[in-house]
Amino acid sequence: MQHVDQLSFNLGKPPINRKSKSPPKRRQALYFAALPDPEIARLAAEMTVDQSRRNGLMRTARKHDLYHATIYPIDIVSRSQEEATFAALEAGSTICLKSFPLIFDRTGTFGSGNNRQYVLWCRDGNEGLTTLRRELDAAMQSMGFESSISGSFRPHMTLFYCNHVLPEVILEAPIAWTVKMFTLVNSFQGDGEHGHVWHWPLL
């Protein structure tokens with residue numbers, strides 16, 4: 001990995017300047033994620049349309065590069081965006097793990113209220129992603145950040161958002177791919193815009 005002073009980060013496009021008033025502040029998130037293979041992203045896009053229509057909704061597919069499985073969120077509330085980004089880059093560079101399978105065998109609804117997620121997920125396991133999450137947490141703590149690991153972690157990939165619980169569906173054939181790298185993502189939430197800041201290969 002190059003020295004961080006030499007890097008050029010993809011943090012997303014800046015807000016558009018508006019005349020006579022300040023541009024609206026966009027909600028951002030910074031996190032490590034596993035990105036699906038192109039074929040898996042295509043299948044996720046097809047499922048987004050199909051499952052939403054089966055449930056009486058009319059959701060369009062997300063852009064393929066927006067599908068992801070979040071591994072570890074990074075605090076950008078109590079720290080500056082720049083400080084959090086540089087800490088994450090240093091933490092990511094310390095990881096030395098083997099590639100692993102990521103398997104989703106069902107769809108279901110996560111969350112509550114009017115902004116629920118309809119997701120691909122797996123009830124049992126995905127230990128590889130859980131292990132990577134623990135390693136990233138330890139690395140971020142070594143950079144002076146508080147632990148972001150909660151008691152429950154259910155790896156998932158969001159297909160679309162809805163305002164009520166939808167029936168769980170067991171897939172006839174699981175959707176799976178081998179995670180060969182992980183990525184630092186800078187997201188402008190609600191705008192459909194992700195910046196892939198850096199990628200790290202796994203062994």
If a residue has to be touching a strand residue (DSSP E or B) at 6+ places or on another chain (Cβ under 8 Å), within 27 Å of Glu83 (Cα to Cα) and small (Gly, Ala, Ser) to count, how many in the stretch 145-203 make the cut? 3
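Results for (1) open to solvent by 50 Å² or more (accessible area, probe 1.4 Å); (2) under 26 Å from Gly113 (Cα atoms); (3) in a loop (DSSP other than H, G, I, E, B), shown as yes or no for each residue.
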{"residue": "Thr158", "(1), (2), (3)": "no, yes, no"}
{"residue": "His164", "(1), (2), (3)": "yes, yes, yes"}
{"residue": "Ile170", "(1), (2), (3)": "yes, yes, no"}
{"residue": "Trp177", "(1), (2), (3)": "no, no, no"}
{"residue": "Phe182", "(1), (2), (3)": "no, no, no"}
{"residue": "Asn186", "(1), (2), (3)": "no, yes, no"}
{"residue": "Gly195", "(1), (2), (3)": "no, no, no"}
{"residue": "His199", "(1), (2), (3)": "yes, no, no"}
Going by the structure shown, is Thr131 assigned to a helix (DSSP H, G or I), of a type in the set (Ser, Thr, Tyr) and open to solvent by 30 Å² or more (accessible area, probe 1.4 Å)? yes
Any residue at all in the stretch 148-165 that is on the phi > 0 side of the Ramachandran plot and modelled with pLDDT under 95? no
List every residue pair whose Cβ atoms sit under 6 Å apart, with the two residues 6 or more apart in sequence or on different chains, where the first one lies in the stretch 183-203 and is farther than 19 Å from Asp75 by Cα and at pLDDT 85 or above and the second, anywhere, is open to solvent by 20 Å² or more (accessible area, probe 1.4 Å) and among the hydroxyl-bearing types (Ser, Thr, Tyr). Leu202/Ser99
What's the number of the condition Met47 fails, among (1) at pLDDT 95 or above; (2) open to solvent by 10 Å² or more (accessible area, probe 1.4 Å); (3) in contact with a Pro (Cβ under 8 Å, 6 or more places away or on another chain)? (3)
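Can you name every residue in the stretch 52-80 that is in a helix (DSSP H, G or I) and open to solvent by less than 50 Å² (accessible area, probe 1.4 Å)? So that I can check it myself, show each step before the final result.
If we filter the stretch 52-80 for residues that are in a helix (DSSP H, G or I), which is where we start, we get 52-54, 64-66.
Of everything in the stretch 52-80, those that are in a helix (DSSP H, G or I) and open to solvent by less than 50 Å² (accessible area, probe 1.4 Å) turn out to be Ser52, Leu66.
The values are calculated or read from the model by the stated rules, or taken from the named source; none is laboratory data. Given the structure is predicted, the values throughout are model-derived calculations rather than measurements. All Cβ positions, glycine included, derive from the backbone under ideal geometry; neighbour counts span all protein chains shown. We work out accessible area using only protein heavy atoms, side chains counted, and drop any ligands, DNA or RNA first. Shrake-Rupley method; radii C 1.70, N 1.55, O 1.52, S 1.80 Å.
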